[in-house]
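Structure first, then comments.
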Amino acid sequence: MRPHDCPCSRGEEFGGAGGGSGAVPGMHPDQDRRSLLSWLLGGGVAASLASFFYPVVRFLNPPYISEAPVDEVSGGKVDDLKPNSGKIVKFGNKPALLVRVSETEWKAFSAVCTHLNCTVQYQDSTRLIWCACHNGMYDLTGRVVSGPPPKPLDEFAVRVRGDEVIISRRA
């Protein structure tokens, strides 16, 4: 048999009359191995990247924790707060601002600014509630006086029970 009469030169090796090796017609067996190795290598790299980024994504996106079902909290003792002063009190999983306006008048608001969820504080010199993030100001009714906040603060009910100040949701 002459070299140009070899069945492999006519393509008979791959599915022709000369029998087959089971490889894909027109593809060399080395190409099969290379594509398999590149698939395995690519899968390994993808799995490695996924095992790295999954915990990062879980950390950056914490699970939703619903607010504790709290309807009232203690704001402390009456004598703890002087007239014309305020303090932050934990109300469920959010802060509340308790303000003693005068000897007998108390106010409480959500301490979360309606603009960017920053914590607000009471300024006794101006008698206003101030958000340090963008200089938003609220009056002692919770309404916006100046700055970027789009809506007023949520107000809570305050009552004195014995010598303790109780903050509760408005009904």
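Laid out as a table, the results:
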quantity	calculated
Filtered residue count, the stretch 55-99, keeping only those that are among the hydrophobic types (A, V, I, L, M, F, W, C) and touching a strand residue (DSSP E or B) at 6+ places or on another chain (Cβ under 9 Å)	11
Any chance Val70 is surrounded by 11 or more Cβ atoms within 10 Å (Cβ to Cβ), β-branched (Val, Ile, Thr) and at pLDDT below 85	yes
Residue list for the stretch 72-85, filter: in contact (Cβ under 8 Å) with a residue 40 or more places away in the chain, assigned to a strand (DSSP E or B) and on the phi < 0 side of the Ramachandran plot	Glu72, Val73, Ser74, Gly75, Lys77
Residues of the stretch 127-149 classified as free of Cβ contacts under 8 Å to residues at least 40 places away in the same chain, touching a strand residue (DSSP E or B) at 6+ places or on another chain (Cβ under 8 Å) and in a loop (DSSP other than H, G, I, E, B), total	8
Scan of the stretch 158-170 for residues that are more than 30 Å from the chain's Cα centre (by Cα) and either in a strand (DSSP E or B) or closer than 17 Å to Asp71 by Cα (or both), ordered by number	Val158, Arg159, Val160, Arg161, Glu164, Val165, Ile166
Within the stretch 85-113, tally of residues that are surrounded by 14 or more Cβ atoms within 10 Å (Cβ to Cβ) and farther than 15 Å from Phe156 by Cβ	1
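The values are calculated or read from the model by the stated rules, or taken from the named source; none is laboratory data. Just so you know, these numbers come straight off a predicted model, no measurement behind them. Counting neighbours? That spans all protein chains shown, and the Cβs are built from the backbone with ideal geometry, glycine included.
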